[in-house]
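Some notes on the structure that comes next.
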Amino acid sequence: MLGTGGTIASTPGEAGAAPSLGADSLLDAVPELDEYADLRVEQVAQTPSFDAGVETVAAVAAAVGDVSADGVVVTHGTDTMEESAYYLDLTLPADVPVVFTGAQRRPDEPSADGPANLLTAVRTATHDRLRDAGGVYVAMDEELHAARDVTKTHTRKLDAFASPDAGPVAAVTREDVRFDREPGSRSRQFDVDPSAPDATVAMVESGLGVGADGIEFGLDRGVDGVVLEGTGLGNATAALGDAVADAIAGGVPVVVTSRCLAGPTVPVYGTPGGGQTLRDHGAIFAGDLPAHKARLKLLVALEATSDLAELRECFASD
């Protein structure tokens, strides 16, 4: 069990809540864990996930590589849990299951959910089907989700995580773990060093009347790639469409996603910012990956190649 902080380890203070509890102290609230695993605990970081960086995830990856265990549980803040899990799924050949979990409520709050989520994570990480399949997951509110598909959908509710379109991998009941899908990684893996991505990728969101400033600012700063969160099937304003053309002409790849919660991007519409026009400019469509995960995938892919055709192929599969 690797601790990184988050709400599950936070306590209140005069300046606001912050992570302060060691990962080993979280075990005291869940004596049932002994029925499922012999747990060894390591504190990798102590940070709120909204301020975590790639270095935190790299430390987790290094720790996973160093341990000899049948499974790994990572306690983590929920704000960017899905990103950390996905980043590991892209870069870590996880022969053993890695299960992220956390909490929506601090340990001192009524009906704190951390203990139940930790039990769910340990029960799934030690399940034979997961041990055989490997992969990276998120376990919250008695459900297990694949890192590739899961996203946080609510700011405060306990059932805050879902996998739009795909659904959870498994549900955890009092008696057993019931699988709805085959476990295993659903991400394309890259043979890169997860600790030090050199590329920089800008994220820009389209919307009513949005101009080209976001992309132009990124290009002026010398970004290596752009992720455009479009509307609907993957469309943008005319101004952003023109900026996409300029970026690609200058050798900067642009990946198009959608701000919709579910469904894939599809190039259909013409006009300067329509998806078909963006594709004609050379933009890469990210399928159903949300912008924040497409950014991570582009960061990792740029470590492997800068060739536009090869980048396009990277996004053609999970």
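The values are calculated or read from the model by the stated rules, or taken from the named source; none is laboratory data. A quick note: this is a predicted structure, and the numbers were derived from the prediction, not measured. Ideal geometry is used to build each Cβ from the backbone, glycine not excepted, and the neighbour counts take in all protein chains shown.
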Fill in: Residue check for Ala69: aliphatic (A, V, I, L, M), over 21 Å from the mean Cα position of the chain (by Cα) and farther than 21 Å from Met140 by Cα
yes
Worksheet item: Within region 290-316, which residues are without any contact (Cβ under 8 Å) to a residue 40 or more places away in the chain and touching a strand residue (DSSP E or B) at 6+ places or on another chain (Cβ under 6 Å)?
Response: Arg312
Worksheet item: Does region 1-43 hold any residues that are in contact with a Lys or Arg (Cβ under 9 Å, 6 or more places away or on another chain), surrounded by 14 or more Cβ atoms within 10 Å (Cβ to Cβ) and more than 12 Å from Leu118 (Cβ to Cβ), and which are they?
Response: Thr7, Ser10, Ala17
Worksheet item: Taking region 79-118 as the search range and keeping residues that are among the charged types (D, E, K, R) and either free of Cβ contacts under 8 Å to residues at least 40 places away in the same chain or not assigned by TED's automatic domain parsing to the domain that holds Pro12 (or both), which one is farthest from Val57 (Cα to Cα)?
Response: Glu109
Practice prompt. State which residue pairs qualify: first residue surrounded by 16 or more Cβ atoms within 10 Å (Cβ to Cβ) and inside region 160-173, second residue among the hydroxyl-bearing types (Ser, Thr, Tyr) and part of a strand (DSSP E or B) in any location, beta carbons under 8 Å apart, and separation of 6 or more residues or different chains.
Written response: Phe161/Thr151; Ala162/Thr151; Ser163/Thr151; Val169/Tyr137
Worksheet item: List, please: which pairs have Cβ atoms under 9 Å, are six or more places apart or on different chains, and start with a residue in region 188-208 that is basic (Lys, Arg) and end with one that is surrounded by 13 or more Cβ atoms within 10 Å (Cβ to Cβ) and not in a loop (DSSP other than H, G, I, E, B)?
Response: Arg188/Leu90; Arg188/Lys297; Arg188/Ala301; Arg188/Cys314; Arg188/Phe315
Item to complete: Go through (1) over 23 Å from Arg188 (Cβ atoms); (2) in a helix (DSSP H, G or I); (3) within 19 Å of the chain's Cα centre (by Cα) one by one and return the number of the condition Asp79 breaks.
Response: (2)
Item to complete: State which residue is farthest from Asp180 (Cα to Cα) when the search covers only region 106-143 and only residues that are surrounded by fewer than 23 Cβ atoms within 10 Å (Cβ to Cβ) and among the aliphatic types (A, V, I, L, M).
Response: Ala112
Practice prompt. Go through region 119-157 and give me each residue that's of a type in the set (Asp, Glu) and touching a residue at least 60 places away in the same chain (Cβ under 8 Å).
Written response: none
